[in-house]
1. From 79, 95, 54, 67, grab the single residue that is farther than 15 Å from residue 129 by Cβ and either at pLDDT 80 or above or not polar (S, T, N, Q) (or both).
2. Does residue 91 meet the test of being over 10 Å from the mean Cα position of the chain (by Cα) and either part of a helix (DSSP H, G or I) or not aliphatic (A, V, I, L, M) (or both)?
3. Within the bounds of region 124-133, is there any residue that is among the aliphatic types (A, V, I, L, M), over 26 Å from residue 31 (Cα atoms) and surrounded by 20 or more Cβ atoms within 10 Å (Cβ to Cβ)?
4. Output the residues belonging to region 1-51 that are β-branched (Val, Ile, Thr), part of a loop (DSSP other than H, G, I, E, B) and either over 18 Å from residue 69 (Cβ atoms) or at pLDDT 85 or above (or both).
5. Being buried (at least 24 other Cβ atoms within 10 Å of the Cβ) and in contact with a Ser or Thr (Cβ under 8 Å, 6 or more places away or on another chain) is the filter here; which residues of region 73-96 pass it?
6. Among 66, 78, which is closer than 23 Å to residue 12 by Cα and within 13 Å of the chain's Cα centre (by Cα)?
Amino acid sequence: MMGKNIRKILGVFLGIGVGVFINLLFGAISSYLIDVLKNSEAPGAEALVQGAVAPPVSAWLLTLLGAVLGSFLAGITGAIVSKEKIVLITGIIGAGLFLFPGVYILMVTPAPIWFNISNLISYFLFSYLGGLVIMRAQK
């Protein structure tokens with residue numbers, strides 16, 4: 001039988017892993033489907049900055065969908081594994097460990113303000129909603 005604290009820690013890390021995987025998957029799909037850099041001559045990071053200045057709205061929406069779905073599934077995973085203190089676990093997943101990388105990415109990538117706000121809110125909201133789904137299912 002696994003200890004309660006180990007379950008909570010494992011829930012946080014597995015939730016983060018699932019969320020990061022989904023987020024990266026949607027980022028890869030977005031890069032593949034929407035070729036932002038096709039007209040850029042500059043290599044590497046400079047090309048990313050040049051291409052990120054004015055990508056189509058669909059690129060931002062697909063990235064936002066990845067953040068929403070990744071946070072939701074991370075909350076579900078963390079809640080299923082931890083089985084208790086679900087609000088705390090999903091809060092750690094959404095706010096603590098998902099939000100800080102999200103803020104960093106938003107600082108280094110020029111994005112529209114609507115995307116920045118909705119992306120940061122989605123980390124909190126959808127990880128909590130994922131945990132809420134599991135809490136309701138356990139009752």
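1. 54
2. Yes: the conditions hold for residue 91.
3. Checked against the condition, which is being among the aliphatic types (A, V, I, L, M), over 26 Å from residue 31 (Cα atoms) and surrounded by 20 or more Cβ atoms within 10 Å (Cβ to Cβ), region 124-133 yields no hits at all.
4. First, the residues of region 1-51 that are β-branched (Val, Ile, Thr): 6, 9, 12, 16, 18, 20, 22, 29, 34, 36, 49.
Next, only the ones that are part of a loop (DSSP other than H, G, I, E, B) stay: 34, 36.
36, the sole residue that qualifies.
5. Hits for region 73-96 are 74, 75, 78, 79, 89, 90, 93, 94.
6. Details: 78 fails: within 13 Å of the chain's Cα centre (by Cα).
Step by step, each of 66, 78 is checked, and only 66 is closer than 23 Å to residue 12 by Cα and within 13 Å of the chain's Cα centre (by Cα).
The values are calculated or read from the model by the stated rules, or taken from the named source; none is laboratory data. The structure displayed is predicted, hence computed values, not measured ones. Positions of Cβ are backbone-derived with ideal geometry, glycine not excepted, and every protein chain shown enters the neighbour counts.
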